[in-house]
Amino acid sequence: MRIVIRSGYVPRWGGLRGHGPSGDSRHEEASLYLPLKALHIISMVAWFSGLFYIVRLFVYLRETQERPSSERDVLQPQLRLMARRLWFGITWPAGLATIGFGLALLPMFWPPGLWLQLKLALVVGLVAYHGACHQMHARLQRGEAVASGRFFRIWNELATLFLVSIVFLVVLKNSMSLVWGVAGLAVFAAVLMAGITLYRRIRTRGSEA
Ligand code: HEM
């Protein structure tokens, strides 16, 4: 097995090629590095799929509150059950695992370079986002009329912003990649919004004709 060391990035123990004859702990660390990173990425994927889907369920929970009671009384309990299972069965464990495996990797990258410092700052923002979702989840479970469907659709895109910026940063490992990542996302979002608006206009015109 050969690990390619990226330019400008040298793990603390000098990379597998650099491990010395007497560095048992370094050898151990090296052998843990890739399995830990694989588990870190797997749990990150599960965390984000939970975050994306839970906010979608918030949209439906909020919008079905305004439906006639015959519909509401059927849809709301089902949506609340789905949200509870997703939130406590997948999203929370996956978030804790992502952070756990990330912290297990951290000593191999200590002291953290600028890319990792920026990444950790973004992760603090992501944890705050998760915390806000936790509060919204609790209030919607109590049947409170939290924000609006439109708010939750925009709120959902914030998770995309975190995902794109963190992944660009950690894979490219330079702060400019964060800027390019976010700029790329902004252009993508603008094109997407223009497409959606155009589609809606055509559809409305079609239904009026
Ligand atoms: C406390 C939280 C976290 C810590 C301490 C942490 C730390 C790390 C470290 C040290 C690496 C290894 C980098 C390398 O091998 O080049 C890594 C890889 C990675 N992290 Fe995190 N991470 C955290 C949270 C996250 C989050 C929330 C995401 C979600 C987007 C994420 C996405 C990734 C990805 C995609 C990789 C693989 C990068 C690659 O293979 O080039 N991490 N993380």
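The values are calculated or read from the model by the stated rules, or taken from the named source; none is laboratory data. All of these numbers come straight from a predicted model, not from anything done at the bench. Reconstructed Cβ throughout: ideal geometry from the backbone, glycine too, with neighbour counts over all protein chains shown. Only protein heavy atoms, including side chains, enter the accessible area calculation; ligands, DNA and RNA are left aside. Shrake-Rupley method; radii C 1.70, N 1.55, O 1.52, S 1.80 Å.
Observations, loosely collected:
- Gain upon complete extension [L106, M82; 0.36 nm per residue less C-alpha separation]: 5.2 nm
- Residue-normalised accessible area of segment 23-208, expressed per residue, 1.4 Å probe, Å²: 58 Å²
- Directionally averaged projected area (segment 23-208, Cα convex hull): 13.3 nm².
- Only protein heavy atoms count here; on that basis, with a 1.4 Å probe, I42 has an accessible area of about 110 Å².
- For segment 23-208, with +1 on Lys and Arg beta carbons and -1 on Asp and Glu, the positive-most of S69, T98, L126 along the dipole: S69
- Listed residue (I202, G113, N156) projecting farthest to the positive dipole end of segment 23-208, Cβ model: I202
- R0 of 41 Å, Cβ-Cβ distance L96-S207: FRET efficiency to nearest 0.05: 0.30
- Segment 23-208, dipole about Cα centre (Lys/Arg Cβ +1, Asp/Glu Cβ -1), debye to the nearest 20: 580 debye
- In this rough spin-label picture, where each label sits 7 Å from Cα along the Cβ direction, the A145-V191 distance is 4.0 nm.
- Carbon plus sulfur fraction of accessible area for segment 23-208, probe 1.4 Å, in percent: 70 percent
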